[in-house]
Each structure stands twice: as structure tokens, then as C-alpha cells.
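Here the structure comes first, spelled out in C-alpha cells, and everything after it is commentary.
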Amino acid sequence: MSAANQILYEKESVFIHINVSNAKDKDTHIPGRVFLIAKSEGVYLEWKAEDVVSLDGAQSDQDWSMVSSVGFNRSDRDADTVSMNAKMDSRRKYNISFDLLDLKSFKRCAPNHGYANIIFILKDGTTFPALHFHTGGSKALLKEFEKYIHIRRSPNDQRLFIVIEHDPEMLSKSFDELQLFSDSSNDLVSKFIKDPYTATLGGFSKVTNFLRNVLILDDNPTVRPDDELADLLHEDIPGMEISHQEPGFELVTKTKLPTRPKVPRGDHLTPGQWGIQMDTEGKIKDKDALLERIFRGGIDPSIRIEVWKFLLCYYTWDSNHKTRQEQRKRRVDDYFRMKLQWKTISAEQERRFATLRERKALIDKDVTRTDRTHTFYMGEKNQNLLVLNDILMTYCMYNFDLGYVQGMSDLLSPILVIMENEVDAFWCFAGLMERLCGNFEMDQNGMKVQLSQIHKLMQVYDPELCHYLESHDSGNFYFCFRWILIMFKREFHFQETQRLWEVMWTDKPCKNFHLIITLAILDNEKSTLIENQFGFTEILKHINDISLAIPLEDTLKKAEGIFLQLKNYKKLPKPVKEILGLEVSPDSSNHTTPSTTPVNRENSPRLELPLTRNGGTNSGSGTAATTPDDSSIEILSDTVDSMINHNYH
């Protein structure tokens, strides 16, 4: 570190928790130190893995360079012969460095397992992994922050702290020109810096009487009182709350949903419980009870190889030992017959078969970068990659119309890890694609419909967040594209993905439960998005950065609770009931969904989503950016000019 740098704060035993494929679902803790450093260019917060921490004056400042959380990938390395240098290189990828002036907000979560953690979020939407303070010190660090930046706690999320940017001269000038306050500008600026939220809230929104003594109010108001106006509006919009703002500002509505119930999660389905579910002939006794058990807690990894075959229609639920043997024999014969079809195509034939060449090239490209950090696919010349390739090529023979589309390798990968058998993995993958084939249609209709459905659900569940996203060019929910396309594969750790998938495959507690999971994730991020005033680009980046940091069980609990809220809402619109597969009563068609923004259908552009098939791309005006190295899918865009503004009639 340069001799000119001054360490203002230092704390050891600050860990980053990661989850690796061979850790048997247990977090791996990377120890490190956190520093607050005064440099010539500013005050920096930095974290370094313990093994690579060095205060040697000769050390290059490059070692402290900022690492984007999008690129937190582990290097491919041999699982049995990892050198110390390789370990250090891997840990160095997690190093964090940023100027405090680039900090937009941070979340400090209450002590968990005896220690607190802090998540830092930058102005450009970059979200770093949580720093866990195993021996305390998080409050002391934040006290140091207060010497250099102004911080306020979010009134909506007690975990979230917002960094306030201020320019006293500009503030004074703005307040004088607006003439909103009876205070002198200097006094008001002092109030603003001390408590910016309540100061601006009191001055601009006029929704409370807090600080009304500093407002210049008309002694003879010519408008209706707020409560009287509210009564009138409630007559037209039952079940809605109205937030009154300045004249000319749009009203933001809030749906009065029933209280969200607490829902339990359970233990996973054990081998013993699986065994007693079958009678002497091998028939499943109670399918519904079995599915309920899987929904509540998932499946023990040791029996996934059996249970997944039922969930993915490899075997029928009414089959027995004998019929399953017959089914498998037929499937083995069918698979190798289809595989032989493309294996025996000669080079001369392939030269005249453009479609096959394109599919083959795209599959080869995607397979080489799919889950390469997982031990099952790690290393060069890994035979499992060849199996992955052959299954995808054979699927092209099974489904000529669909063929191969980018992202399918992500869906097949976890299945092959469980089955460890080419034939079984193929037919389970084929069963999964029966569920998801609409995601990969070239007209993009399947994805457009689901993103539009998320918008409809959000309009009812949280109109405030829906309005915010609409007003920041994100009302098309394009940032959820990857979530839906490959069923959250890149948002959770590998083992968590397997648990999530088997839960969703039960089709409980409702139709399209994956869309409710989307609401639950966005609900967790609502305060961060709104209070940081993230725009389109920052929203995209932040959503991308929370990948692998979403708590699965908490998300599933919240999602089920949200579903029950919607289900119990007496004014639930008919389109939402249809999305969730709820019974539609004859009079429900009269209920409309509250709209947070007026929609001009003639001026609402179409949403074009990028899907790569057979080497080509069908996209809108945006330019696709790449996801992490071990992903086979490129879907995030730097700019998207079109969006869906869909409302109910």
C-alpha cells in the first residue's frame, strides 16, 4: 500500500460467506479485514481476504482495485490439487474497494448467528456481497462513516441506510427560489442535513402536519380537506388508500390487502417417508400428500434421482414396479434411436444441413461455459460435458420445431448432476421442457405474457412499487427476464436451485407460483430501489448483483404469504385470479385492477426480448451483455427502449 495512504479504521475477522458446490450446502466463510483508508483521491472502504492482506509498502495499489460483484466467479481448478497460489487468486476475486463518495446506501442486518452483516450498494447499482462481522465492529465502522458522509435510516426499512448528498449553497438557493419555507435558508439547510427526510417530507408532500409550523400555508384554503377528498375517492376505489400530493402530481394508491399470514416450512422428504409412500406393488398411495410434503421442505438429495422422475413425468404417478421397468426399456430404445439419427449424419450431409450446423455450434458454445465451477463439470476434457452436449443434440432430434435455444443447457445441467445417467437425464429434461417450452418460442410470446402477468400481479400487490418501476422505464419488468427464462437458476446457489425447482414442480400452492416468487424477491428490494432512486440502468445492475444472495427459505415463506393475501382479497380482479388459477366468480369481472399510471395504448411500444436460437439473435433495440463466465445465457441489456405498459380493461 502506498506510504501516502492512511488507515483510519481496521477490523479483522470480517468474513464473506459463499456457497460452493462441494460444500454440502454449507456456507464457506472467507476471512478478511475491512479498512477505511484515506488516499490522495478520497476516503475508501476496502476489504481484503486474510490470506492476501499485506501492508507492505511495496505492494501495488492494483491489489486494492475495485472488483465488480457481477464478476465474482471462482477460477476453474483441479479439486484435489489446489495450490496455495490458486486459493489466494480465488479469494482475491472477492476483494472490495470503493470511494465513500460513490456509496449510495447500505444495509446493516441484525446480528445473525451472533454477528451482524453489512451490504454496500453503490450509486451505479453495484451491490457487494455481505461483510459479516464475526467479532463485532460494524457499528464502529459506521460511526467512522459519519465523519465523511451524511447518513439517514430509511423510514420504511430499518435495515437500510441512505447516504445523503448535499450542497448547502445549492440547497439554500433552491429553497429561496421555491419560497416553500418560512425558515431562513441557512436554518433550513441545517435542518435538512440533520434530518433530510422529515425536512423535505414536511416541506413538499403536505401529507402530514409534521413541520407545518415552517410551511407558508394559505389562511383560506380553497381546496377540500384531505379527509373529505379521501372519502370521495374511496367511494370510487374501494379497498384503496390514497396518498395526497401537490397539485399536478399523480396519486399513488395502495391496495388494502389482508394481513399476510405466517406460513410454515417443513423438513424435506426423507428416504423412509418415500418408501412408505408406495404399496407392495410400487404404486404411490397418496400423491397429494406427497406433493404437499415436497412443497413444504423439498426432497432429501439421496432420493432425488427417484422422486424427480415422477415430478418430471419420466414415470406416471399411477405406475408400479413392473410398468416402470417397461417404460424405461422403451425410453432407452427411443433415446438411442434418436441419438443415432444425428450421430450418423456424414460430413457431406452436414455441409448441406445449415440448421443442424447452427444448432451444433450453439450447443458446443454453451456447453463449454455451463456450470464449469461445479465439480461435476470442472476441468478440461470432462466427459460429463460430452454427455451434456449429446443430450442437447438428441433433444434437437426429439423436438425438431424448437431445436436448441440459448439457456436450455442451464436447465439440463442440474438434472444431469442428479441422474448421472444420459438416458434418464434426457427424459427428465424433456419433461421439464414440456413445462417451459413456451419460454423459448421465437415470437417471444411466452416470455412477454409472463412479464405482463408480473406487472398485473404487482399492480394489485404493490401499486407503489409498480408505479416507481413504470416511472423509471422498468414497468416492462425486463430485469426479471433471466429469472423466468431459466427458473431462477442463476439467482440461487446450485443446491438451492435444485430445492427451489422441486418445490415449484409440485404446482403448489397455485398456478404460476414462480411469478409470486418474483413478487417476494422484489418486495425485499423495494426500499433499496425506491430510496436510492435507482433508474433503469441501476435497477438492472442491482437485480443482477443480488444473484446468489437471495435467502431461499425466507423467499418461499414470503411468496406463499403473498399468495394467501391475494387469494383472500375479496376485490381481487378476474385477470389476477386467472393468472393464479383461482376460481372466478360470475361477478368478479366487474372488479378492475388499480392503475398507478395512465396508459396510452397507441403510444405503448412493444417489448422485444432477446432469445438466441441456432446462432442468431432476435432482440429489441437493447444490446445484450454477458452474465458470469459459467452461464450459458446472455440476456441483460444496457439499454432497452421498448416496454410493456399493460393495464386491465
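The values are calculated or read from the model by the stated rules, or taken from the named source; none is laboratory data. The model shown is predicted, which means the values in this text are computed figures rather than measured ones. Because the Cβ atoms are built from the backbone with ideal geometry, glycine has one as well, and the counts that use them run over all protein chains shown.
At a glance:
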read-out: Boolean, Ile418 is within 30 Å of Ile303 (Cβ to Cβ) and within 20 Å of the chain's Cα centre (by Cα); value: no
read-out: Any hit, the range 436-444, residues being within 30 Å of Thr259 (Cβ to Cβ), assigned to a helix (DSSP H, G or I) and of a type in the set (Gly, Ala, Ser); value: no
read-out: Selection count where residues are part of a helix (DSSP H, G or I), at pLDDT below 95 and of a type in the set (S, T, N, Q), scope the range 557-605; value: 4
read-out: Residues of the range 505-544 satisfying the condition of being assigned to a loop (DSSP other than H, G, I, E, B) and in contact (Cβ under 8 Å) with a residue 12 or more places away in the chain; value: Trp505, Thr506, Asp507, Lys508, Pro509, Cys510, Lys511, Asn512, Asn532, Phe534, Gly535
read-out: Phe376 vs. criteria over 24 Å from Asp424 (Cα atoms) and not basic (Lys, Arg); value: no
read-out: Answer from Ile294, Ile303 - the residue that is β-branched (Val, Ile, Thr), without any contact (Cβ under 8 Å) to a residue 60 or more places away in the chain and assigned to a helix (DSSP H, G or I); value: Ile303
read-out: Evaluation of Arg265 against (1) outside the structural domain of Ala425 (by TED's automatic domain parsing); (2) over 30 Å from Gln565 (Cβ atoms) (one fails), failing number; value: (2)
read-out: Complete set of residues in the range 528-553 that are more than 14 Å from Glu491 (Cα to Cα), out of contact with any Lys or Arg (no Cβ under 8 Å at 6 or more places or on another chain) and not aromatic (Phe, Trp, Tyr); value: Leu529, Ile530, Glu531, Gln533, Gly535, Thr537, Ile539
read-out: Meets criteria (in a loop (DSSP other than H, G, I, E, B) and either surrounded by fewer than 21 Cβ atoms within 10 Å (Cβ to Cβ) or in contact with a His (Cβ under 6 Å, 6 or more places away or on another chain) (or both)) for Leu402; value: yes
read-out: Selection status of Phe376, assigned to a loop (DSSP other than H, G, I, E, B), in contact (Cβ under 8 Å) with a residue 40 or more places away in the chain and surrounded by fewer than 22 Cβ atoms within 10 Å (Cβ to Cβ); value: yes
read-out: Residues that are within 26 Å of His268 (Cβ to Cβ), surrounded by fewer than 21 Cβ atoms within 10 Å (Cβ to Cβ) and charged (D, E, K, R), drawn from the range 559-574; value: Lys567
read-out: Breaking point among (1) surrounded by fewer than 19 Cβ atoms within 10 Å (Cβ to Cβ); (2) assigned to a helix (DSSP H, G or I); (3) touching a Leu at 6+ places or on another chain (Cβ under 7 Å), for Asp554; value: (3)
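One line per residue, one yes/no per condition, for (1) touching a residue at least 60 places away in the same chain (Cβ under 8 Å); (2) acidic (Asp, Glu); (3) in a loop (DSSP other than H, G, I, E, B); (4) not assigned by TED's automatic domain parsing to the domain that holds Glu525:
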residue: Pro129; (1), (2), (3), (4): yes, no, yes, yes
residue: Gly136; (1), (2), (3), (4): no, no, yes, yes
residue: Glu144; (1), (2), (3), (4): yes, yes, no, yes
residue: Pro155; (1), (2), (3), (4): no, no, yes, yes
residue: Ile162; (1), (2), (3), (4): yes, no, no, yes
